[in-house]
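A short write-up of the structure that comes next.
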Amino acid sequence: QVRLVESGGGVVQVGGSVSLSCTASERTGSNDAMAWFRHAPGKEREFVAAISWRESYHYYADFVKGRATISKDNAKNTVYFKMDNLRPEDTGVYYCAASHSLAATATDYYYWGQGTQVTVSL
């Protein structure tokens, strides 16, 4: 059974940065992709960014493009997410997810972490 564990959430000032990590207990396959989703108050869970275990494939939601970087360490089965210039609307629970291929739809992912809270405060 694959387990995903996120860490790095917390309270961050507006305009600040957050760095998250997600470690998988095992790889789900050579072509698996990892993604970050977030669930903001009053909103549905939405796609944030994704990366394949192949280095050349990355995908970002428009609202974080230019502010966020997704990266990985294959040897550690870990994916990282860093976002700068945080805004109040970035507040929410950030989830790590895994799938066999890159996708921006939550239903395409079959493994999920427990989530880590990111709160953007004044």
Requested in this report: Count, please, the residues in the range 75-107 that happen to be assigned to a loop (DSSP other than H, G, I, E, B) and free of Cβ contacts under 8 Å to residues at least 40 places away in the same chain.
Outcome: 0
Report summary line: Scanning the range 33-66 residue by residue, those more than 14 Å from A97 (Cβ to Cβ) and hydroxyl-bearing (S, T, Y) turn out to be S56, Y57, Y60
Report summary line: Within the range 75-118, restricting to residues that are within 17 Å of E6 (Cβ to Cβ) and basic (K, R), the one that is least open to solvent (accessible area, probe 1.4 Å) is K82
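Across the range 48-66, what is the total count of residues that are part of a loop (DSSP other than H, G, I, E, B) and either open to solvent by 20 Å² or more (accessible area, probe 1.4 Å) or within 24 Å of E26 (Cα to Cα) (or both)?
9
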Query raised in the report: Looking at the range 66-109, which of its residues are hydrophobic (A, V, I, L, M, F, W, C) and out of contact with any Gly (no Cβ under 6 Å at 6 or more places or on another chain)?
Result: A68, I70, A75, V79, F81, M83, A97, A98, L102, A103, A104, A106
Query raised in the report: Quick one: is K72 open to solvent by 20 Å² or more (accessible area, probe 1.4 Å), in a loop (DSSP other than H, G, I, E, B) and farther than 17 Å from G115 by Cβ?
Result: no
Query raised in the report: Can you find even one residue in the range 27-47 that is open to solvent by less than 20 Å² (accessible area, probe 1.4 Å), of a type in the set (D, E, K, R) and touching a residue at least 40 places away in the same chain (Cβ under 8 Å)?
Result: yes
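The values are calculated or read from the model by the stated rules, or taken from the named source; none is laboratory data. A quick note: this is a predicted structure, and the numbers were derived from the prediction, not measured. Quick reminder, even Gly has a Cβ in these numbers, built from the backbone with ideal geometry, and neighbours come from all protein chains shown. Ligands, DNA and RNA are stripped out before the accessible areas are found, and what is left, the full protein with its side chains, is counted by its heavy atoms. Shrake-Rupley method; radii C 1.70, N 1.55, O 1.52, S 1.80 Å.
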